[in-house]
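Notes follow the structure.
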Amino acid sequence: MITLDHAYVLLGLMFLAFSILTLRDPEHPTRVRSAVFWALVAASMLFGSWLGGLGNGVLVLALVVVGGLKALGVGRPSTTTLEQRRDSAARRRNSLFIPALIVPLAAVGGTLAAKHTGAGQWLISSTQTTLIALGLGCLLSLFIAMAWLRPPVMAPVQEGRRLMDSIGWAALLPQMLASLGAVFLAADVGGVVGELVTQAVPLTSPLLAVAAYCLGMALFTVIMGNAFAAFPVMTAAIGLPFVVGQFGGNPAIVCAIGMLAGFCGTLMTPMAANFNVVPANLLELPDREAPFNGVIRAQMPTAVIILGVNIALMYFLAFRF
Amino acid sequence: MLVLLGIAVVVVGFVARINPLLVILVAAIVTGVTAALEPGVEVRELVQAAVATLAAFGEAFNDNRYFHITWLILPVIGLLERAGLQERARTLIAQVRAATAGRLLLSYLVVRQATSALGLTSLGGHPQMVRPLVAPMAEGAAEVQAGGNLPDRVRFRIRSMSAATDNIGLFFGEDIFIAIGSIVLMVGFLEQAGIIVEPLQLSVWAIPTAIAAFVVHGVRLLLFDREIRRGLAARDAETGR
């Protein structure tokens, strides 16, 4: 059966290849540091489960020292020229979309197959099925693209390294924030925040309680970069005791809309790296280093309006149904 | 109270624009150490607390490696870009006469939100869809409008809006699907609090916000074409055309 561990081995080999090619690229602006950085990520993928908690902690420390103290550069491995690309696009036309579409289709198809067919259950592990299917889709698509396009053998690694470099340290941010969330949970940061909020804001009317809950969800999500981290904290502090307990709101409505208020926070924060920083890097926006880059600014009006809509919806729906 | 220093470190680190990886690790250690802080505690015990926190952080780090699986697509996308994928996406959309950047993104919003609501969240995404296809198509449509190259300001604004549209479609679609992570989290959380709700009850109440998000962002996208036209007119005025 294919499990996440197999995907980690594949990822480890990919990052190792990025590292080696970076080391052998004399024109890379931060050749050695970038090579070490990706080698450490490869080590985490290949050997993470044998390193133990402290071993992994030291690994993270090393990653932060190599990639967090000074900026990492972006490698520019040789690739095709614009003319070659236009020429290839004119010749190959819409077939070019096929390998790109295989990946999401394989992810969806694999997930469905693993749930509903015997062969699928035998092939793909039932935990994190979609991610495993996504990995398989990438591999399948890579083989097809290689057989069809016949580029130099190292081209996929070189092109992958170019894209990975443009994402840079942001690739690690979601994982780091999730780990910070685990530390916060162990230290009961959530409980303390809850006490503070309830002491500071007089939640004397349903509207105040709803507004405090929704704004608290958005604000804490902005800090943590993830509505999943904010939800248990804010719901235990304000949502359940006040909106539901004191004023009689419907818990399903309160939670469903509260989570979506948190998503509005996700749209506004650079901490949500995989949604807001990674695309800015991938799309090579000139302001990608700014705290509020173009992606966040484009989202801001929608996020603010929807946050207001969520407060209104919760106020008008939760006490009625 | 003191454990909140960890949050303060995150906020200050962000305001001071220090690298977030560094800030997060420091915030974690500060949180672990302040949690162990009490009257009469010895320095040695605080050092132990710091080491224990680093170990807890490392363990969580290892448990959360699955975030990286998405990057497996990068070699494929790079390979296809090398063969002209972005260029083809542009040409294709330029052939559709009625296409404008705003209308194209509006159709993408419909597809992204609808497929997310059916649980097909992996159909979109920034490395898979936005960079290779959606952004080049939106730029291509605007290039037809402009009759040539786009000014940088307009080009990057279109790219930003493409990424924003993917996020908004995903966020306000996925919660309608009953088996998504956030719904599972809510059901589990309420169960611990002694409240039993069905996933369907939660997902139904995500629909009003989903409709509102579609209307708000959809209107913004239709107005977006006007913004692009203004951007082009400003460029033409500058160059004296």
*Which is in a helix (DSSP H, G or I), more than 7 Å from every other protein chain (Cβ to nearest Cβ) and buried (at least 24 other Cβ atoms within 10 Å of the Cβ), of B:Leu104, B:Leu72?*
B:Leu104
*Taking A:Leu267 and the conditions (1) in contact with a helix residue (DSSP H, G or I) (Cβ under 6 Å, 6 or more places away or on another chain); (2) more than 7 Å from chain B (Cβ to nearest Cβ); (3) among the hydrophobic types (A, V, I, L, M, F, W, C), which numbered condition does it fall short on, given that it satisfies the others?*
(2)
_Tally up the residues in the stretch B:72-129 that are among the basic types (Lys, Arg), at pLDDT below 90 and more than 19 Å from A:Arg85 (Cβ to Cβ), please._
1
*Hey, among the residues in the stretch B:6-24 that are of a type in the set (A, V, I, L, M) and surrounded by 15 or more Cβ atoms within 10 Å (Cβ to Cβ), which one's farthest from the other protein chains (Cβ to nearest Cβ)?*
B:Val9
*Of the numbered conditions (1) out of contact with any strand residue (DSSP E or B) (no Cβ under 6 Å at 6 or more places or on another chain); (2) more than 9 Å from chain B (Cβ to nearest Cβ), A:Ala114 satisfies every one except a single condition; which is it?*
(1)
*Do you know which of the residues in the stretch B:25-44 that are within 9 Å of another protein chain (Cβ to nearest Cβ) and touching a Ser or Thr at 6+ places or on another chain (Cβ under 8 Å) is nearest to A:Ala290 (Cα to Cα)?*
B:Ala28
*Go through the stretch B:189-241 residue by residue and tally those that are of a type in the set (Asp, Glu) and at pLDDT below 85.*
4
*Any chance A:Val64 is touching a Gly at 6+ places or on another chain (Cβ under 8 Å) and either at the interface with chain B (Cβ under 8 Å from one of its Cβ atoms) or closer than 30 Å to B:Ala94 by Cα (or both)*: no
*asked:* I want to confirm something. Restricting to the stretch B:167-188 and keeping residues that are surrounded by 20 or more Cβ atoms within 10 Å (Cβ to Cβ) and of a type in the set (Gly, Ala, Ser), which single residue is modelled with the highest pLDDT?
replied: B:Gly169
_Give me the residue from the stretch B:193-206 that is in a helix (DSSP H, G or I) and facing chain A (nearest Cβ under 9 Å) and, out of that set, nearest to A:Phe242 (Cα to Cα)._
B:Leu202
*Got at least one residue in the stretch B:38-60 being assigned to a loop (DSSP other than H, G, I, E, B) and touching a helix residue (DSSP H, G or I) at 6+ places or on another chain (Cβ under 6 Å)?*
no
*asked:* Considering only the stretch B:225-233, I want to know if a residue exists there that is of a type outside the set (Gly, Ala, Ser), more than 10 Å from chain A (Cβ to nearest Cβ) and crowded, with 20+ Cβ neighbours inside 10 Å.
replied: yes
*What number of residues in the stretch B:153-172 are more than 8 Å from chain A (Cβ to nearest Cβ) and not aliphatic (A, V, I, L, M)?*
4
*Scan the helices (runs of 4 or more DSSP H) fully inside the stretch A:193-292 and keep the ones with 1 or more residues being over 18 Å from the mean Cα position of the chain (by Cα).*
A:206-224, A:227-234, A:251-268
_Pull out all pairs, ordered by first then second residue, where Cβ-Cβ is under 9 Å, the residues are six or more apart or on different chains, the first lies in the stretch A:276-288 and is at the interface with chain B (Cβ under 7 Å from one of its Cβ atoms), and the second is acidic (Asp, Glu) and surrounded by 23 or more Cβ atoms within 10 Å (Cβ to Cβ)._
A:Pro279/B:Asp166
*Which pairs have Cβ atoms under 7 Å, sit 6 or more apart or on different chains, and link a residue in the stretch A:81-110 that is at the interface with chain B (Cβ under 7 Å from one of its Cβ atoms) to one that is surrounded by 19 or more Cβ atoms within 10 Å (Cβ to Cβ) and among the acidic types (Asp, Glu)?*
A:Arg85/B:Glu87; A:Arg86/B:Glu87; A:Ala89/B:Glu87
*Kindly check whether there is at least one residue in the stretch A:110-121 that is buried (at least 16 other Cβ atoms within 10 Å of the Cβ), within 24 Å of A:Leu282 (Cβ to Cβ) and under 22 Å from the mean Cα position of the chain (by Cα).*
no
*asked:* Take the conditions assigned to a helix (DSSP H, G or I), in contact (Cβ under 8 Å) with a residue 12 or more places away in the chain and either of a type in the set (Asp, Glu) or buried (at least 19 other Cβ atoms within 10 Å of the Cβ) (or both) and apply them to A:Val183. Does it pass?
replied: no
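Rundown of residues vs (1) aromatic (Phe, Trp, Tyr); (2) touching a residue at least 40 places away in the same chain (Cβ under 8 Å), yes/no style:
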site	(1), (2)
A:Gly265	no, yes
A:Asn274	no, yes
A:Pro291	no, no
A:Pro301	no, no
A:Leu313	no, yes
A:Phe321	yes, yes
*Filter result for the condition that a residue is in contact (Cβ under 8 Å) with a residue 12 or more places away in the chain and either buried (at least 24 other Cβ atoms within 10 Å of the Cβ) or more than 19 Å from B:Val130 (Cβ to Cβ) (or both), over A:Gly248, A:Gly308*: A:Gly248
*Condition test on A:Leu163, is it facing chain B (nearest Cβ under 9 Å) and either among the β-branched types (Val, Ile, Thr) or touching a residue at least 60 places away in the same chain (Cβ under 8 Å) (or both)?*
yes
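The values are calculated or read from the model by the stated rules, or taken from the named source; none is laboratory data. Remember, predicted model here, so these are calculated numbers, not experimental data. Every residue, glycine among them, receives a Cβ derived from its backbone with ideal geometry; neighbour counts consider all protein chains shown.
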